[in-house]
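We did not get these values from a lab; they are worked out from the coordinates using the rules stated. Quantities reported herein were computed from a predicted structural model and do not represent experimental measurements. For neighbour counting, all protein chains shown are included, and Cβ atoms are generated from backbone atoms with ideal geometry for every residue, glycine included.
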Amino acid sequence: MSHLPAALARLDLPELNQHIGLSVREAERELENGPGPDRLLDATYANTHRFPPPEWAVETFVAAATGAGMTYTPYRGDTSVRELVSRNIREVLGLPSGDGVEPILTPGTQGALFVALASVLEPGDLVLLPDPDYLSTERMIRYLGAEVVRIPMVFSDGEDRPVLDPQALAEAAARGPRLMVFSHPNNPTGAVYQDSTLLQIAELAVEHDFWVLADQLYCRLVYDGRTFTHLANLPGMAERTITLLGPSKTESLSGYRLGVGLAPSSMVARMEDVQSCTALRAPSYAQHLLARWLADDQDYLRLRVVEYQALRDTTVERINASGVMRVRPSGGSSYVFPELLVDVSDREISLRLKRDAGVVVNPGYQFGLRGLRHLRLCFAQDEQEWSAALDRVLDVVARYPLR
């Protein structure tokens with residue numbers, strides 16, 4: 001009865017033991033079960049009480065649940081909702097109609113990520129993934145039996161947008177990957193890539209004939225007037241790109257469990273087959289919120305960007321003035337990813353911050369080796385509570401000597 005399937009053992013990422021002293025999942029359980037005060041500020045996600053969903057969210061859900069919506073939709077989602085979602089996403093991404101691309105509605109963007117990966121990969125496949133990148137992606141890839149090659153994210157002097165190391169990316173692509181996955185804006189750093197990286201990804205994907213999965217959950221949460229390039233809109237990429245989107249972060253609709261995958265029709269059929277064996281469908285009544293997402297939220301989004309950017313600016317200023325951490329301003333998302341300048345690991349300091357500061361953070365080891373000695377902080381919090389929490393965080397970090 002003690003047998004552990006090999007897929008679950010791989011999901012633990014046990015090879016990180018040499019860097020942090022435990023597997024990733026063991027370290028996460030240590031943090032989850034570690035001591036802390038009864039009232040914690042959780043800086044791993046946004047405060048949806050301070051930043052609630054649009055007013056139309058509840059009324060749309062109730063209308064669907066009281067007769068306007070189907071209980072059992074097709075696995076890929078309600079047909080009328082999908083038609084509206086397709087039209088609205090095309091406007092956001094700049095895609096023409098009639099290109100053979102369509103959406104599938106999923107139980108959260110996390111659900112979209114898994115069904116997409118499971119629709120492409122088989123054991124032994126090679127997958128390219130930036131370092132650092134979203135904490136769940138490598139685990140899912142490893143669970144499915146594929147191998148990961150990490151591509152370093154690099155900031156040049158004076159540049160506020162990074163690139164993926166061009167030589168490392170080209171060399172990895174020449175090894176014949178099945179897939180490349182990347183979050184954009186990057187999670188955990190919030191960075192928006194230079195167009196040169198997106199163009200290189202597109203050129204290599206066409207040359208070496210591999211799929212690309214672009215997790216663009218935060219693509220509408222960008223700051224400082226930055227432009228944002230959608231990979232699927234580049235030459236040759238609509239037919240080989242799976243784009244993930246959703247309302248959980250920008251519109252605070254995470255509790256409704258809604259995600260969207262946009263892909264060629266043949267890939268959507270595969271994803272639907274996988275979804276039919278896992279969750280069946282996105283929550284049926286909640287699906288109707290997606291008919292208004294992207295269409296009725298422009299004013300809401302403009303205010304959200306202004307408020308988040310102000311919180312980002314305050315957070316970056318406070319951290320960089322501390323002398324114990326440093327951070328680049330994020331170009332998008334609701335995160336910053338400061339580097340520790342003191343002599344302590346991200347594993348240890350995350351435990352101390354929970355115990356002594358009452359703040360839960362994401363330790364950098366969750367995101368790849370280049371995340372070591374970093375912390376991911378979600379600044380989308382109540383302003384007064386966040387200011388006090390930053391005081392406590394910086395006080396705890398300052399107890400350690402500088403490196």
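Numbers for the structure displayed
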read-out	value
Residue among Trp56, Trp386, Trp293 with the largest mean-square fluctuation in a Gaussian network model of the chain, springs linking Cα atoms under 10 Å	Trp56
For the chain, convex hull of alpha carbons as volume per residue, Å³	154 Å³
The stretch 40-114: GluC sites (Glu not before Pro) in DSSP loop, at most 11 other beta carbons within 10 Å	Glu55
Kirkwood-type radius of the stretch 69-291, with distances r between different C-alpha atoms, in Å	17.5 Å
Neighbourhood net charge (13 Å Cβ-Cβ; Lys/Arg +1, Asp/Glu -1) for Val206	-3
Choice from Asp157, Asp224, Asp215 showing the highest fluctuation, given a GNM over the chain with Cα pairs closer than 10 Å	Asp157
Most mobile listed residue (Gln287, Gln194, Gln384) in the chain, GNM with C-alpha springs under 10 Å	Gln384
Net charge contributed by nearby residues that have their C-beta within less than 11 Å of Leu372 (K/R +1, D/E -1)	0
Cα Rg, Dmax, the stretch 99-191, angstrom units	14.3, 41
Shape parameters for the stretch 235-304, alpha-carbon atoms, Rg then Dmax in Å	14.0, 40
Built amide H within the under 5 Å cut-off of Leu213, gap 5+	Met180, Val181, Phe182, Ile242
Around Leu128: net Lys/Arg minus Asp/Glu count, Cβ-Cβ under 10 Å	+3
³J(HN,Hα) computed for each position of the stretch 245-261 - Karplus, 6.51 cos²θ - 1.76 cosθ + 1.60, integer Hz, glycine/proline x	9, x, x, 5, 9, 5, 9, 6, 9, 4, x, 8, 6, 10, x, 9, x
Loop-located GluC sites (Glu not before Pro) in the stretch 104-195 whose Cβ has at most 16 other Cβ within 10 Å (DSSP)	Glu159
Alpha-carbon centroids, the stretch 1-35 and the stretch 338-387: separation in whole Å	19 Å
The chain - mean residue ellipticity at 222 nm from DSSP helices (-39,500 (n - 2.57) per run, n ≥ 4, rounded to 500)	-11000 deg cm²/dmol
